[in-house]
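Before any comments, here is the structure.
The values are calculated or read from the model by the stated rules, or taken from the named source; none is laboratory data. Keep in mind that this is a model prediction, so the values were computed, not measured. Cβ coordinates were reconstructed from backbone atoms using ideal geometry, including for glycine residues, and neighbour counts include every protein chain displayed. Calculation scope for accessible area: heavy atoms of the full protein, side chains included, ligands and nucleic acids excluded. Shrake-Rupley method; radii C 1.70, N 1.55, O 1.52, S 1.80 Å.
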Amino acid sequence: MTLRLVVIAVVPAMGLAMFASDETIGRRQAADVAQAIEDESASVRTLVSLRFALAKEQIPATALTFGRSYGLSFQELEQILLAADPDTATGLGEALWDEFRSAQATTDQLLLELGDDPRFAELEGLVAELHVAVSDAPLNDFDGDLIVLYRKVLGPLDALINELFTETRDQFDSSLDTNELRAALNQMLAAHRAGRAFAELLPYYYSALVPELSEELGQGRNQLAEGRAVYEYLVSGFDQTLTGRTAAVWAQMQSSDRARAFDEAAQSAINGKSIDLTTDLAQVTAVTQSGLITLEDHGRLLEAATADVGEAALDTRIQALESFTDAMVLLMVVLAFSLAVVYYVGRSISRPMQKLSAYAERLSAGDVHASFPKGSRGPTEVETLGLAFADVVANLRAIDAHSLALASGKFDDPILNEPLPGRLGRSLQASVQALTQSINDREELHRRLAHESTHDGLTGLPNRSAATFALESSLSRAHRRGTGLAALFVDLDEFKRINDTNGQAVGDEVLRETARRLAELARAEDTVARLGSDEFLVIAEGIESIHQAVNLAERIRDRIAEPFRYAGQTIVSSASVGISLTLDAHSSGDELIREADLAVHRAKGFGQSRVEIFDGAMREQVDTRAQIEADLVQALKHHWLTVHLQPVTNSETLRIEGFEALVRWKDRQGNFIPPDVFIPVAESSNLILELDRYVIRKATAELASWPVELFGELHVAINVSGRHLLDRSVVRDVAEAMNESGLDPSRLILEITETVLLSDMPVACGHLEELRAMGVTIALDDFGSGYTSLATLRYLPVDILKIDRSIVNELQPDRGQSLVRLIIEAAHEFGMTVIAEGVETDMQRELLCALGCEQIQGWLVSPAVPPKQARELVAPVAG
Ligand code: C2E
Ligand code: CA
Ligand code: CA
């Protein structure tokens, strides 16, 4: 209790502390921001200085260009300058060279200061390029191009300065007093702009004097006039706006009359006064010198401005740090205060509160007669009292909820398991539990009785009436899903005899064992029921063909025929199975049971352990199939199957590039049996593995026997059935055929269908990867006839895509093209080549060719033909 009080007392103090720590965090952040601004403004400063140094490099270059435009080499220019006025000219000649070199050194130094910040990498590259162009050349190689070269660097540099400046300004946080820094930055930018404008004036001046230069430098006089106006505008407010060191330097510049000499010369050049270099050289020299000196002054102005920025940035940071310290002190004070409050609360309030809380506790335990303790007053006590009453009310509500659940008969309502507080609650809950138990017991009894009336006591299976009911609901489910349904009537053979000779106990056990075995063979959604003494019914859902139903019936028959041990003896029984099947779920349940019953009677007529089908046509179907299977076994054994070859050609040239092997079967009467008839039969058992092996052997041996000199390295594509691909033997079978025939694996293509890939992706893909590792190529057959989406193609280990005949068939000049285009594009996207199957007309070939399909196969070229004929198709003479 005391702990709770202390917590209550601490909360406001905590709030205060939180406020103070919030404040410190804010200040800390402000200090970080100030640091960032300082760093950033240092970069701006460096960039601005760099800009100035580059401008200074440019001036001597321009002066020398000016001389060159008169056809003078640097040495000659220097001589003329010397001769005209030794005092100044010597200085100028030297100065140009020195200026240039020292400005370059400054530039390099500033680049170093920028460090390896990625934002400046491009700029650094540009300057380096410029310096390579300039430094390696002797001065007399300078020409007009140089000015263009400088402009290429200065342009991006100006853009960068602007960008960085705005960025820096955007970082300003409202929590900081940054006015001073902001003003200093603006001032630096103003000084930078003025210096930049002034640096332009000298080149303009030369180009105004020498019209020939104008071609490179633009419009001579006009530019000088414009440039001067810009400069005047930029410095017009400097007397009033500049502050600090910058203001001082500016005042100095204004008091000296160095700038004036250049200004006057510029004015007269603008007015069109031309100069004869030989006579007025002294004047040009003087103007150049005064220009350079003024430029130097601008350099000092910029330096002062950048120093002002540095100082302001530092000030901002110091200020932020100071206020952070203040906040920390405040935090400490608040914490100390909070601790004092906690102490006070603990001492003076907790004792009366404890009394009050004891009262509240008794109240909430349901002791309504507890008397209110004396001597506890104050707002906090009232609060606690309120809490206690809330507890009491909550308890009453819980009791109310329990009674409500009881009254409405919801005995399984989870609320009834929730404990009720107090004596009252406990006794109420005990009676509720007793009541619920007795009601549940009665319900369980009901359920058992209901089960017994629908279930067979001996086997626990549903009885006849429950089976009819189950069959009806299975039928409506099958109808809804559009699937088939089979009723299998299982009747034990000679059960009466077992009962008579072995005794009823054994008979009972046979029935129980049969029930267990049926349940074990049925799938979850199937129903197994006991119809009468020795009759059982299996309702199998999702049956798609009579063969599937027969398969299940045969497994049931075989399983029941297996002997088992009981009470020290071995017991053998057997059963016959009658099948009735509906594929469209239109029959009634009674009808199905009756038909299955009739079928099982037929079975018994033929002997024991038999499977019979009710429907005559279906029976025939199954018989034919069994016949085909038996014949096929013979055909394989005696090598009556042959392999024909269908050419696969280039879609454009129609050149044969390979063949698909297709199996052919003529029975002993000479009737041709189509693969579509016997392949599905073979696929329903392991017979297909044998058939596939046979075709692989034959086809690879055939192709390997064709001399490569005559036929080239033709491919042979062989169909691998799904069951075979999923079987472990597939890799070994292929490897053996390759070994025996000696055919290079790169010439073998295996065709697989998408259904097998999707039925067991991991196993199929595993085998395909192994085959590919051997060098065999994989083709996806019949693409477009199934459900593979184009997107899944990406994940299949397949090299070739074969577009199904049905899709090629739809191809017309005005329709069907977009689907084919999509398929081809997707295949190419995933690195597959495309073969179109069933191409019968030249129109189809042309369209496919235009859509990018590499190869075609179909009657347009040739159907599958015997190997001898196939050889003739490739090499008519040799064949
Ligand atoms: P498939 O692999 O799609 O074989 C192509 C089928 O289309 C062949 O039928 C072929 O004769 C036929 N065809 C070829 N060009 C044209 C055409 O221009 N128009 C038309 N309408 N049909 C054309 P076939 O030989 O009856 O084979 C049917 C299916 O049987 C094959 O389809 C394949 O899935 C399977 N099959 C054939 N031989 C074998 C084999 O040796 N092993 C396995 N596992 N399956 C095979
Ligand atoms: Ca094929
Ligand atoms: Ca095909």
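Side notes on the structure shown:
- Once all protein chains are placed together, Leu710 keeps about 100 Å² accessible to a 1.4 angstrom probe.
- Å² of accessible area per residue within region 438-539, as computed with a 1.4 Å probe and no ligands counted: 51 Å²
- Between the residues Leu748, Ala717, Ser729, the greatest Cα displacement towards the positive end of the dipole of region 713-753, with unit charges on the Cβ of Lys, Arg, Asp and Glu, is found for Ser729.
- Among the protein heavy atoms of region 592-672, carbon and sulfur supply 49% of the accessible surface, probe 1.4 Å, non-protein parts ignored.
- Euclidean distance of C-alpha centroids, region 395-473 and region 716-795, integer Å: 59 Å
- Over region 635-734, Cα pairs under 8 Å with separation of 6+ residues give a relative contact order of 27 percent.
- Per residue accessible area in Å² of region 681-806, where ligands, DNA and RNA are left out and the probe is 1.4 Å: 43 Å²
- FRET efficiency, Ser759 to Glu629 (Cβ-Cβ, R0 22 Å, nearest 0.05): 0.45
- Only protein heavy atoms count here; under a 1.4 Å probe, Ile25 has an accessible surface of about 90 Å².
- The gain in end-to-end length when the Glu418 to Ile293 segment is fully stretched comes to 35.4 nm, 0.36 nm per residue minus the alpha carbon separation.
- Neighbours of Glu38 by Cβ distance under 11 Å: Lys/Arg scored +1, Asp/Glu scored -1, total -3.
- Where Cys853, Cys765 fall by accessible area, highest first, once all protein chains stay in place (1.4 Å): Cys765, Cys853
- Label-reachable residues, region 312-327, where backbone N falls under 19 Å from a point 7 Å from Asn186's Cα toward its Cβ: 312-316
- Loop trypsin sites (Lys or Arg not before Pro), region 568-620 (other Cβ atoms within 10 Å of the site Cβ: 16 or fewer; DSSP): none
- For region 754-835, chymotrypsin sites (Phe, Trp or Tyr not before Pro) meeting the loop criterion (DSSP other than H, G, I, E, B) and having at most 12 other Cβ atoms within 10 Å: Tyr787, Tyr795.
- Centroid-to-centroid separation of region 657-713 and region 502-569 [C-alpha atoms, Å]: 41 Å
- Accessible area, probe 1.4 Å, largest first, for residues Arg260, Arg512, Arg426: Arg426, Arg260, Arg512
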